[in-house]
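Here's the structure, in structure tokens; my notes come after.
No lab work stands behind these numbers, since they all come straight from the coordinates. Treat the numbers as computed from the prediction; the structure is a model and nothing was measured. Glycine gets a Cβ as well: all are built from the backbone with ideal geometry, and neighbour counts include every protein chain shown.
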Amino acid sequence: MNVIIFGPPGAGKGTQSNNIVKKFNLYQISTGDLLRNEVKNQTELGKDIENIISKGDFATDEIVNELIKKAIFDPNKKNKLIFDGYPRSLNQAKNLNLLLSNSDQKIDFIFFLNVNKDTIIKRIEKRKMLEKRSDDNPNTILKRYDTYMETTKPVLDFYSKNKNFYEINGDEEIHVISSKIEHILSV
Ligand code: AMP
């Protein structure tokens, strides 16, 4: 099965994806991680990306669409994908549909972690103590939240009509969210 998990920064996408990956034997495709890898490896693309990410802006659709292609066409990962942080724009959502149909796949479950701004700020403050990310400071967080809401609203409208769409209350405890998602995936 292929799964999309989406929601604003700090909604717990990464945490929930990690859990599902282990329990259901999937591969996590995090565009945030793919982008940070480019920065870490100091590729040509990485220099542009570093600039964009540290300001809380989104990477261009061209960049992310290119980065996920490899994973989608990897035969070992076929029908075992969980998308974390992708798609974040309507263009990306349409591109994902196209790449999946070209590789004879589809999306089986879409989870939207709906979470309010206060919860996000608290969670990201906590994450700062565990891992150092240049985009985890209060101003950037709020910018990322606003950018997300603006750009991702059309994605929400696009997927919410789908019968495999599930909205989950992301303000709840991590284990409560995990068991809800696991239950849906197990039926
Ligand atoms: P994340 O780790 O998912 O919170 O992503 C960190 C940052 O990477 C975001 O704030 C964006 O700047 C960038 N990013 C991640 N995924 C995407 C995407 N699908 N489209 C555009 N930018 C992205």
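Brief remarks follow.
- Test: residue in region 48-64 that is part of a helix (DSSP H, G or I), polar (S, T, N, Q), within 11 Å of the ligand (Cβ to nearest atom) and under 14 Å from the mean Cα position of the chain (by Cα): no
- Verdict on TYR166 being touching a residue at least 40 places away in the same chain (Cβ under 8 Å), assigned to a helix (DSSP H, G or I) and within 16 Å of the chain's Cα centre (by Cα): no
- Residue within region 70-80 that is assigned to a helix (DSSP H, G or I) and touching an Asp or Glu at 6+ places or on another chain (Cβ under 9 Å) present: no
- Candidate set from region 127-161 (those that are touching a Lys or Arg at 6+ places or on another chain (Cβ under 9 Å) and acidic (Asp, Glu)); member that is nearest to LYS40 (Cα to Cα): ASP135
- Annotation note: Cβ proximity below 8 Å between a residue of region 31-43 that is crowded, with 19+ Cβ neighbours inside 10 Å and a residue that is assigned to a helix (DSSP H, G or I) and acidic (Asp, Glu) (sequence gap 6+ or interchain) occurs for VAL39/GLU50.
- Qualifying residue in region 106-119 (condition: out of contact with any His (no Cβ under 9 Å at 6 or more places or on another chain), touching a residue at least 24 places away in the same chain (Cβ under 8 Å) and within 11 Å of the ligand (Cβ to nearest atom)): no
- When the residues of region 84-105 are filtered to those that are charged (D, E, K, R) and in contact with a Ser or Thr (Cβ under 6 Å, 6 or more places away or on another chain), the one that is farthest from the ligand (Cβ to nearest atom) is ASP84.
- ILE20 being in a helix (DSSP H, G or I), surrounded by 20 or more Cβ atoms within 10 Å (Cβ to Cβ), free of Cβ contacts under 8 Å to residues at least 60 places away in the same chain and touching a helix residue (DSSP H, G or I) at 6+ places or on another chain (Cβ under 8 Å): no
- Failed condition for LEU81, given (1) near the ligand (Cβ under 9 Å from one of its atoms); (2) crowded, with 20+ Cβ neighbours inside 10 Å: (1)
- Of all residues in region 1-17 being of a type outside the set (Gly, Ala, Ser), touching a strand residue (DSSP E or B) at 6+ places or on another chain (Cβ under 9 Å) and outside any loop (DSSP other than H, G, I, E, B), the one that is farthest from the ligand (Cβ to nearest atom): VAL3
- Output for region 20-36, where each listed residue is of a type in the set (D, E, K, R) and over 27 Å from ILE52 (Cβ atoms): LYS22, LYS23
- In region 132-159, of all residues being under 16 Å from the mean Cα position of the chain (by Cα) and of a type in the set (S, T, N, Q), the one that is nearest to ARG36 (Cα to Cα) corresponds to THR147.
- Only one of the numbered conditions (1) more than 29 Å from ASN25 (Cα to Cα); (2) in a helix (DSSP H, G or I); (3) among the acidic types (Asp, Glu) is violated by ASP135, and that is (2).
- Selection from region 23-47 of residues that are touching a helix residue (DSSP H, G or I) at 6+ places or on another chain (Cβ under 7 Å), away from the ligand (no atom under 12 Å from the Cβ) and of a type outside the set (A, V, I, L, M, F, W, C): LYS23, TYR27, GLY46
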